[in-house]
Amino acid sequence: MKPFLVLQLRPETEASDDEFAAILRKGGLAEGDTHRIRLDCEAIPADLSLDVYSGVIVGGGPGCVSDPEAAKTPMERRIEAGVMGLMPEITARDLPFMGCCYGIGILAHHLGAEVSKRRFSEPVGATTCVQTEAGRADPLLDGLPGMFRAFVGHKEALQHLPPGCVHLLASEPCPLQMIRYGENVYATQFHPEADSDGFEVRIRIYKDRGYFPPETAADLVAMCRAEDVHVPETILRRFVERYARD
C-alpha cells in the first residue's frame, strides 16, 4: 500500500505523539503505512511528490489561520505555510485529503472562504453532529447514525460554505462541521481521531491557551469521560479504507 502522508501541526511533542497514535489506531493504520511529518520540526521536502501517497491527513493544532500574521509566532507561520503550500495541488487534482479541526480552516482559507472568530466557536467538549441530505449520500457517512456525538474545541470556524464545497454535517453551535470539496477532499471541524483519553491529554496540555478557564480542566475531563463518542472514528477509518491504494 502507498503510505498516507500525515502532517502534524502541534508543536507540543506529547500532544503530537498522542494525536499520531490516535490517527493510527482509529484509522486502522500501522506506522509503516504512513509518512509522518511534524511541521514544527521539519519542512516539507522541496521534491516531495504527492503521487507516492494514498492520501493526506492533516491533524489539529492550537494555531488559528484567522489570527493576524503579526500575532503568529515564527513557528506558527512556518507550520501554516507548510500545509498551505500543498493545498493548491491537492484541490486542483482532487487528491484524497482529510483535514481535522485546524485542517478545515486550512482548506476553507485556501478556497477563499471566511474563517474567523466572529461566530461559531465551540468550547472544549462534545457536540451533536447531524447529517445533511448530501451527507447521507456521502460514502464516508452512508449508513452511519443521522446524529452522533463528536469531540470539539475551537476558537475559529468557517463563516460560510466555501465555493465548490458540499455540506455534509452540521451542529447547532457550529453549522459547518464537515465539508467535501470535489469528490475526495474532506475536512471536519470536529476531531475524528479523538476519544476521551486523547482529549484528557489535550485539556492538560492546552489549559492555558485560552480554550477554557484553567480551573475548569478537571470538570472538562470528567465531562468528556462521560460522553459516548465512537462514530467519528468510523469516518476516519472509512477514509483510509476508501483511498488506500497500491
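The values are calculated or read from the model by the stated rules, or taken from the named source; none is laboratory data. Just so we're clear, the structure is a prediction, and the values are computed from it rather than from any experiment. Don't worry about glycine lacking a Cβ; one is built from the backbone with ideal geometry, like all the others, and counts go over all protein chains shown.
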### Query
Of the numbered conditions (1) within 14 Å of Pro232 (Cα to Cα); (2) crowded, with 21+ Cβ neighbours inside 10 Å; (3) small (Gly, Ala, Ser); (4) within 16 Å of the chain's Cα centre (by Cα), Ala157 satisfies every one except a single condition; which is it?
(1)
### Query
On the given criteria, is Ala218 of a type in the set (A, V, I, L, M) and over 26 Å from Glu12 (Cα atoms)?
no
### Task
Pick out, from the range 146-246, the strands (runs of 3 or more DSSP E) lying fully within it that include 1 or more residues that are of a type in the set (Gly, Ala, Ser).
147-154, 165-170, 185-188
### Answer from Glu69, Glu89 - the residue that is modelled with pLDDT under 95, surrounded by fewer than 19 Cβ atoms within 10 Å (Cβ to Cβ), of a type outside the set (Ser, Thr, Tyr) and under 22 Å from Glu42 (Cα atoms)
Glu69
### Query
Are any residues in the range 118-154 buried (at least 16 other Cβ atoms within 10 Å of the Cβ), of a type in the set (D, E, K, R) and closer than 20 Å to Val185 by Cα, and if so, which ones?
Asp138
### Task
Please find, within the range 4-51, the residue that is surrounded by the fewest Cβ atoms within 10 Å (Cβ to Cβ) out of those that are within 17 Å of Val185 (Cα to Cα) and touching a residue at least 40 places away in the same chain (Cβ under 8 Å).
Leu50
### Task
Look at the range 96-115 and say how many of its residues are in a loop (DSSP other than H, G, I, E, B) and either β-branched (Val, Ile, Thr) or in contact with a His (Cβ under 7 Å, 6 or more places away or on another chain) (or both).
3
### Pairs where the first residue, in the range 66-77, is within 19 Å of Arg118 (Cβ to Cβ) and the second is among the acidic types (Asp, Glu), C-beta under 6 Å, 6+ apart
Ser66/Glu156
## Note on the structure
Per the filter on the range 117-141, residues farther than 26 Å from Arg225 by Cβ and among the acidic types (Asp, Glu) are Glu133, Asp138
